[in-house]
1. What nm distance separates the two modelled labels at Ser99 and Arg235, each placed 7 Å from Cα along Cα→Cβ?
2. Using the Cα centre of the chain as the reference point, and only Cβ charges (+1 on K/R, -1 on D/E), how large is the resulting charge dipole? Debye, rounded to the nearest 20.
3. With θ taken as phi - 60° and the coefficients 6.51, -1.76 and 1.60, list the Karplus ³J(HN,Hα) couplings across the stretch 94-101 in order, rounded to whole Hz; mark glycine and proline as x.
4. Using a 1.4 Å probe on the protein chains only, how many percent of the accessible area of the chain belongs to carbon and sulfur?
5. Amide H neighbours of Gly134 under 5 Å, at least 5 residues apart or on other chains, H built in the peptide plane: list them.
6. Got a sec to turn the phi values of the stretch 214-225 into Karplus ³J(HN,Hα) couplings, 6.51 cos²θ - 1.76 cosθ + 1.60 with θ = phi - 60°, whole Hz, x for Gly and Pro?
7. Taking only Cα atoms and a 10 Å spring cutoff, compute GNM fluctuations for the chain and point out the largest among Gln197, Gln116, Gln174.
8. Scan around Gln198 for amide H atoms under 5 Å from its own, H built in the peptide plane at 1.01 Å from N, and keep only partners 5 or more places away or cross-chain.
Amino acid sequence: MDNLQEFRDPVNYDLEELPGSADRIAFMCKFALRSAGPVLDLACGTGIVSLPLALLGLPVTGVDLSEPMIAHARRKARALGTTATFLIDDMRTFAAPTSFTFIALSGNAFQALLTQPDQSKLLRVVADHLDERGQFIFETRNPTGTDLRDSRTEEPWFTYVNASGEEVKVSGTQSYDKGRQILTWTSYRRWSNDDGQQVRRSDIACRFTEVDELDALLATAGLRVTQRYGSWDYRPFTSCSEEIISVCERT
Ligand SMILES: C[S@@+](CC[C@H](N)C(=O)[O-])C[C@H]1O[C@@H](n2cnc3c(N)ncnc32)[C@H](O)[C@@H]1O
């Protein structure tokens, strides 16, 4: 399965994601400013986090596997007059000649890595590129705080207004593979335009990692957690938190 199906329409991706991203952006800005840069934003998408950091005057490199997402990030950077660099690359194998004082990986992009070996490769890339006193911040949805049941009946999720001004109703189903710790969401976006009723289906698979497993992976990669939160508004992490937000340093 192509796991980038959700990222083929970057303009509407922003319209769906930006409204819920304010706390995450503020969190990242606070930590990145303290680090003074340079910043690496892994799986940066359309630059939802990278561009606010670049607007603060930090030197930012964004890396993403999706060509349409990077093309849109570059368009937005030009429109904003920032000098952020956006590269098409795989975060599991990314290599730069320099290190970074701040590395971000957000939008739950860690969960796009569907096996432990892939997660380990990514964390090794982070450790290799993190400055001696740099910080790495990432989040992953908390398995115990998430509805992981199989739900084959389509349920309404949310609505938004797309770039053409049409109301889009988003609904979907989900199925969980407990052995592989992978939840697959199938989304249906429905809207009407002059050509009639439209529907677009997309699938995305995400791996769910328990906090103990996560800490073991981080330790093996040479990283340790210095702060942990359950949401971007600094609520402490508990077993019921929706997110596992980790602030990490090199060991
Ligand atoms: C949910 S989006 C998050 C994007 C961005 N961080 C944000 O906050 O909006 C997940 C992103 O991960 C990217 N991605 C998935 N696998 C990747 C990989 N192996 N290397 C780099 N990017 C990847 C996708 O292309 C997509 O842009």
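1. Here the answer is 3.6 nm between the modelled labels.
2. Here the chain has a charge dipole of around 440 debye.
3. 4, 9, 10, x, 10, 9, 10, 8
4. The computed percentage sits at 51.
5. Those lying under 5 Å, H to H, from Gly134 are Arg250.
6. Here the 3J(HN,Hα) series is 4, 5, 5, 5, 5, 4, 4, 7, x, 10, 9, 8 Hz.
7. Sorting by GNM fluctuation, first place goes to Gln197.
8. Under 5 Å from the amide H of Gln198: Trp191, Ser192, Asn193.
The values are calculated or read from the model by the stated rules, or taken from the named source; none is laboratory data. Quick caveat: nothing in here was measured; it's all calculated off a predicted structure. Cβ atoms come from the backbone with ideal geometry, glycine included; neighbour counts cover every protein chain shown. Surface accessibility is based on the protein's heavy atoms, side chains included, excluding ligands, DNA and RNA. Shrake-Rupley method; radii C 1.70, N 1.55, O 1.52, S 1.80 Å.
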